[in-house]
Every structure is written in structure tokens, then in C-alpha cells.
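The values are calculated or read from the model by the stated rules, or taken from the named source; none is laboratory data. The structure displayed is predicted, hence computed values, not measured ones. Glycine also receives a Cβ, built like all others from the backbone with ideal geometry; neighbour counts cover every protein chain displayed.
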Amino acid sequence: MAKIDTSVFELGRGNLVKVPEVFKSVFPGCRALIVADANTWKAAGEEVSMHMHDSGIDTDVFLIPDKEFHAEWKYIEMMDAELDKRPGAILVSAGSGTINDICKLCSHHHSQSYLTVPTAASVDGYTSFGASITKDNSKQTFDCPAPVAVVADVDVIAAAPKEMTAAGYADLAAKIPAGGEWMISDLFGTEPIVQDAWHILQDDLEKFLSRPEAVAAGDPDAIGDLFKGLVLSGFAMQLAQSSRPASCCDHLFSHLLDMTHHTFNGKSQSHGFQVAIGTLTMCAVFDEFLKYDLTKIDVDECVAAWPSLESEQQRALEIFEGFPAPKLGWENLTKKYEPAEKVRKELEDIKACWPVLKEKLRAQVWTFDRMQAMFKAAGAPYDPSMIGVTRQQIKDMFPRVQIMRWRINLLDLAKRARIYDSLVDSVFAPGGAWDLSTR
Ligand SMILES: [Zn+2]
């Protein structure tokens, strides 16, 4: 069984003072290199640096020089070069998701771990296995272990800009539909549910999401709970050695926006804000999906209509034509394509267990209305227009979303059951969640 790489997780108020003691316990005798940007230096880095010096730890600081920056490969090269200059120095990430991911991957490149001091409850990536970095125009997840220690100060996290906390709320909420899609891949046998990874996150997920108003009001207790949920998401990914427990199509809309350098009012939108729209979209897809009676599907007809690998590959090339990563769909579709007889077995299984599966999915995935109300209360975006995307653009993303990752998703199931077009159309039809006629 996989284990959790993170051996120390401190969460509480006034915790910055604990950083040196935790650092010494996990990296005895080592020197430190604090990594921050101008904002996170003020929020946490400066105080951490002071405590480290007071404790007699040889500590350097590296401030990321750019005002606005993203998890891009050039920062990995920059940070790797800094570590090369200081052999044996251990990184102390004082920042949010981007700085943490840079520290995570660069530490791995130097065969060492690091300590993270989160400055916002903005993403689940602090404790996840892998770093999400844009390289060669494509957002990629690079395998690398999570930090050995997390020292989270709730006062620092609660003082972060409200939008960052709302983004984290949405990133955590994405685990609701993502769990539903994991159930589907479990049924197909392509990625069985890893029980300990499922339970560590899903058992208390509703509780961690239950106080959106308090989260929006900056209540330290509610934000502490939200942060705990994000950290447990990371642990779930560590246990599963994959991002499956934490994301599926809900995240792919966001990845597409990142890969096309989407901006709104001149600014790129945060991971969590983009994921909010992906999450709502998938809740809407589930709402429509659960209206079908899959005990009625004609398996023979579906299998007879199942396309060949060659025609699917051709379709993938057409769908991604002109995209910054034109072979993305081809590669992932090729990886997940299944022969007709495997599809027959999957459809027969779905048909046989549909009444039970339907109940399980309904219990797992919140309705669009419920999710939208929670996002409104949390201060997260609840309409695509709020991140500068039209409903039509969301609709147009579906073909790419279906095939841009090798893992089985709800849309793959809809393709097999020959309900894909009507399912997607219904989300955008009059009365649907993203009714095109009203915008
Ligand atoms: Zn995420």
C-alpha cells in the first residue's frame, strides 16, 4: 500500500513560530532556503525567516522576481539553478500553490524533500503527489513526492485575499463530481477506487464544505476546516499515487483555459475560479445524466456503432487542430481506447447495476442548484461569464474535455451508451443549467 510522504502536518493559529522546530526535527543540521514572492514574503516569509535566524538555522531567502507569475517551466529552471548554487539547502516554501509546486518539483530534482508554509487555502496541491507545471504549451503533472512537512498558520491563511479562499472552496468542491466520475471508472475497472484514498477525503467532505458563508466572512475556524479538506485531498492523491481522487472533467475545463492562456479583464483566472465553472458544469451534466434510464440501452446497437481506433484518432486530430498541443487528444484517446468487446462488457455492467449506481451517484454528486448556491455563498464564480467565458465556449470545450486525458470519465460512458450528444445538448438547452437562449 502507498504511504503518505507528509509526516508532519501542523494546523493552528500563530503557527509560524513553530517552523524552525519542525524544520530541525525533519531536516536536522540542514541549511534552509526560503522561497517567496513579494506578497507572500510579507504574509509569512519574513516572519518565518526571523524565527529561523533566531533559532540559529543557516537561512537564505530567494524572492521570485516577477510580480505576476504562473507555474511555468522557466521557474523550475530558475529554482533548480538556485539549488545548484547551494548544495544541500532545503527549500521552505512560503507561498500558495504556484510557489509550492515549484518547490516540490525542484526539491525532487535534487533528491530531497522540503517544508511548506501555505499562505492561502487556495488549492489542494500543497500535499498532493505531483506538481502541475506548464511545459511546451501543455499543462502537465510531473510526478514528485509531497512535502515531508506542512506548517499551516490559520491566521495567515484567513488573512489571504478573499478570492483565494473562495478559489480553494471551489477546488475542494470539485471532489464531489470527481468522486462520481471515479465511481464510473471503478465500475469499468480502469481505475478501481482505492479505499483508503476515498475515505480519507470523501468521508468528511460535506462537513468541510458546509460553511460557505463563514468561509467568505474570513472565519478562521471555517477556513481551517476548508484547509484541512484541501490537505486531505492531497493525502488522498498520495495514497492513490494519482490525481484521480481529486479531479476529473471538473478540472479539464480549467486546464484548457490555461493552455489557451485565457484572461479576463487582462488577468488570468485562478485555478479554483476556473475549476468552479468546471465543477458546476459537471454537476449539471450529472443532473441530466441521471434522468436517463440506462436499463433500456440497446447494448448490441451501441457495440455495433462503436468506432474503430483509427476513426477515433482521426476525430481527435480534428478536434485539437490548431490547439497549442495538437496531439494531446490523439495521445490520450489512443491510451484509453477500448475494443468493442470491452465496451460491451462495460455497458452490460452499467445496465445491470443502473438502479443501484444511479442512487449512489445521486448521493455523491450535488445538484447544480445546490452547488451553485454554495458557490454564491462562498464568493466563488457561479456563472461562466464571471471568469470571462461564454456558455457557448463551455459547450465547445466538451469534445476536447472528453479525450484530453487518458482516464475514463462520464463523457466516455455517454459516448458508449450513445447519449453523448443529447446529454451535452440538454445542459445548454432551454431550462438547462447553462441555457444558451438566456445569454
Ligand atoms: Zn485543483
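Odds and ends about this structure:
- For region 206-220, residues that are assigned to a helix (DSSP H, G or I) and either surrounded by 22 or more Cβ atoms within 10 Å (Cβ to Cβ) or touching a residue at least 24 places away in the same chain (Cβ under 8 Å) (or both) total 6.
- Taking every residue in region 343-370 that is in contact (Cβ under 8 Å) with a residue 24 or more places away in the chain and pairing it with any residue that is buried (at least 18 other Cβ atoms within 10 Å of the Cβ) and outside any helix (DSSP H, G or I), at least 6 positions away or on another chain, the pairs with Cβ-Cβ distances below 7 Å are 343/306; 347/297; 347/417; 351/297; 368/433.
- Any chance residue 91 is surrounded by 21 or more Cβ atoms within 10 Å (Cβ to Cβ), aliphatic (A, V, I, L, M), in contact with a Ser or Thr (Cβ under 6 Å, 6 or more places away or on another chain) and under 24 Å from residue 232 (Cα atoms): yes
- Among the residues of region 136-187, those that are of a type outside the set (A, V, I, L, M, F, W, C), within 28 Å of residue 106 (Cβ to Cβ) and without any contact (Cβ under 8 Å) to a residue 60 or more places away in the chain comprise 140, 143, 161.
- Against the test of being over 17 Å from residue 112 (Cα atoms), modelled with pLDDT under 95 and among the acidic types (Asp, Glu), the options 10, 72, 21 yield a single qualifying residue, 72.
- Condition met for residue 267 (away from the ligand (no atom under 16 Å from the Cβ) and under 30 Å from residue 135 (Cα atoms)): yes
- Of the helices (runs of 4 or more DSSP H) lying entirely inside region 304-387, those carrying at least 2 residues that are within 16 Å of residue 188 (Cβ to Cβ) and charged (D, E, K, R) are 328-336, 340-364.
- Subset tally (residues that are more than 12 Å from the ligand (Cβ to nearest atom), of a type outside the set (Ser, Thr, Tyr) and assigned to a loop (DSSP other than H, G, I, E, B)) for region 221-256: 2
- Residue check, residue 232 farther than 30 Å from residue 77 by Cα and modelled with pLDDT of 95 or more: no
- Any hit, region 148-161, residues being more than 22 Å from residue 282 (Cα to Cα), within 16 Å of the ligand (Cβ to nearest atom) and either of a type outside the set (Ser, Thr, Tyr) or out of contact with any helix residue (DSSP H, G or I) (no Cβ under 6 Å at 6 or more places or on another chain) (or both): no
- Taking the listed residues 67, 74, the one that is out of contact with any Leu (no Cβ under 9 Å at 6 or more places or on another chain) and in a loop (DSSP other than H, G, I, E, B) is 67, with no other qualifying.
- Scan of region 181-196 for residues that are within 16 Å of the ligand (Cβ to nearest atom) and either surrounded by fewer than 21 Cβ atoms within 10 Å (Cβ to Cβ) or not charged (D, E, K, R) (or both), ordered by number: 182
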